[in-house]
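Peer 1: What follows is a structure written as structure tokens; I'll ask about it next.
The values are calculated or read from the model by the stated rules, or taken from the named source; none is laboratory data. Computed from a predicted model, the values in this text were never measured in an experiment. Positions of Cβ are generated from backbone atoms using ideal geometry, with glycine treated the same way; all protein chains shown enter the neighbour counts. Just the protein is used for accessible areas: all its heavy atoms, side chains included, with ligands, DNA and RNA removed. Shrake-Rupley method; radii C 1.70, N 1.55, O 1.52, S 1.80 Å.
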Amino acid sequence: MITPESNILTRYQAYRTRRFIENDAKTGHWLPNWRTQRRRRMLVVAVIASLLMLLVIAVCSLFLWWAPIAWIPATLMFLVSWTLLQTVSRRHSDAPMGALDEWEIQQRNEARSIGLTLTQTLVMVALLTLIILSGTFDNENLAYAGSLWTLTALLAGGCSPAFILAWITRDPDPDDA
């Protein structure tokens, strides 16, 4: 029911919360052996490795015409490891406020703040590199490579709150299960 004090934002947040809780109920039992802190940390390392692979491929695409083809398997590696990490960490980095308690909201907001700073820094480095190289380096692949650098920086920054939360969240207490 729409009340006079509700607006589009509050209705959207209620919808997001409801959908998040429904999805969590569907996926909350998936991969139970991977929900330990040790395994989550392994997945964080796997996602970071795939991002580094994407960055290396992006740099190589500046010089090698065939390097962008390698982007496809590296992207698949990223998508699989990222999906696994999000599943086992219960997507707390993107959870709406209504689905979290006060402590989880505080941790999520702190991780998001670090993620925003990291995103801004990495994208600025990618863009400054592109600006400097465009003035000194004549290569027809520069725009493509620079786009891949920027995309990799955005992915790394956007994923970093999930990295932080997956890394610091302790194993659930067996008594709570």
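Peer 1: Go through the stretch 83-93 and count every residue that is of a type outside the set (Val, Ile, Thr) and open to solvent by 50 Å² or more (accessible area, probe 1.4 Å).
Peer 2: 4
Peer 1: Going through 106, 86 one at a time, which residue ends up being touching a residue at least 12 places away in the same chain (Cβ under 8 Å) and either in contact with a Pro (Cβ under 6 Å, 6 or more places away or on another chain) or in a helix (DSSP H, G or I) (or both)?
Peer 2: Criteria check complete, one pass: 86.
Peer 1: Also, quick follow-up: Name the residues in the stretch 119-177 that are outside any helix (DSSP H, G or I) and either over 30 Å from residue 105 (Cα atoms) or in contact (Cβ under 8 Å) with a residue 60 or more places away in the chain (or both), would you?
Peer 2: 137, 138, 139, 140, 141, 169, 170, 171, 172
Peer 1: Just to be sure I understand, how many residues within the stretch 13-33 are surrounded by 10 or more Cβ atoms within 10 Å (Cβ to Cβ), part of a helix (DSSP H, G or I) and of a type in the set (A, V, I, L, M)?
Peer 2: Looking only at that region, the number is 2.
Peer 1: Then there's this: Hey, can you tell me all the residues within the stretch 34-59 that are in a helix (DSSP H, G or I) and surrounded by 18 or more Cβ atoms within 10 Å (Cβ to Cβ)?
Peer 2: Once the filter is applied, which keeps residues that are in a helix (DSSP H, G or I) and surrounded by 18 or more Cβ atoms within 10 Å (Cβ to Cβ), the stretch 34-59 yields 40, 43, 44, 47, 50, 51, 53, 54, 55, 57, 58.
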